[in-house]
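Encoded as structure tokens, the structure appears first; notes follow it.
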Amino acid sequence: APGRDNSLVAMVFNVAPAPNKIGGGAAGNTVGFDAANARMKSFKTPEGLAASLFAAEPKVQNPTNLDIDPRGRIWAIECVNYRKYGDPALRPAGDRIVILESTKGDGVADKMTVFASDLNAAMGICVAGTKIYVPESPNLYVYEDANGDLVPDGPRQTLLTGFGGKNHDHGVHSQMFGPDHK
């Protein structure tokens, strides 16, 4: 609305909701709330702005970062194996990059594709053309998908290394490219 500031208000709860088995996901894991409701009713938005649920468990679990590609697909980093807080039994192969999309155009993710599952505590993602950049201290990895089939063309490559904060919140998190990809 004119004259109002455009801020986002999120609610934080100090007590976890009762666990609810919602199926799917790795080993039919139990999550802390019913994803269908996801407390959207208590989500506050400024007048004239609405919020709705695009995706939740089991399609995506503990996302640490996301990017949106030119086709409107959400690329998310899942971080379930993070340090002492994670559960390596949940996903022994590693943390994942998942791609969420609304194939019906209704704003609800109805398709999830696993792009890669070879990460451990990645904190960011940047999709730039055919390259997908993922920082995971001490490295910055790059995947390539030249043909757009949502399958990496080969193993990830280390683009840069030497960032501090290995496996820690204060390491390298993300990067951003301009429209010219520089």
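Assorted remarks:
Quick grid of which residues meet (1) in contact with a helix residue (DSSP H, G or I) (Cβ under 7 Å, 6 or more places away or on another chain); (2) modelled with pLDDT of 90 or more:
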| position | (1), (2) |
| --- | --- |
| A50 | no, no |
| L66 | no, yes |
| I77 | no, yes |
| L90 | yes, no |
| V98 | no, yes |
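- Reported count of residues in the stretch 148-163, each being in contact with a Leu (Cβ under 9 Å, 6 or more places away or on another chain) and open to solvent by 70 Å² or more (accessible area, probe 1.4 Å), is 5.
- For A1, the requirement of being modelled with pLDDT under 65, surrounded by fewer than 14 Cβ atoms within 10 Å (Cβ to Cβ) and either in contact with a helix residue (DSSP H, G or I) (Cβ under 8 Å, 6 or more places away or on another chain) or among the small types (G, A, S) (or both) is met.
- Here G32 does not fit the description of being closer than 18 Å to D118 by Cα, at pLDDT 50 or above and open to solvent by less than 40 Å² (accessible area, probe 1.4 Å).
The values are calculated or read from the model by the stated rules, or taken from the named source; none is laboratory data. Computed from a predicted structure; not experimentally measured. A quick note on method: Cβ atoms are made from the backbone with ideal geometry, for glycine too, and the neighbour counts reach across all protein chains shown. Only protein heavy atoms, including side chains, enter the accessible area calculation; ligands, DNA and RNA are left aside. Shrake-Rupley method; radii C 1.70, N 1.55, O 1.52, S 1.80 Å.
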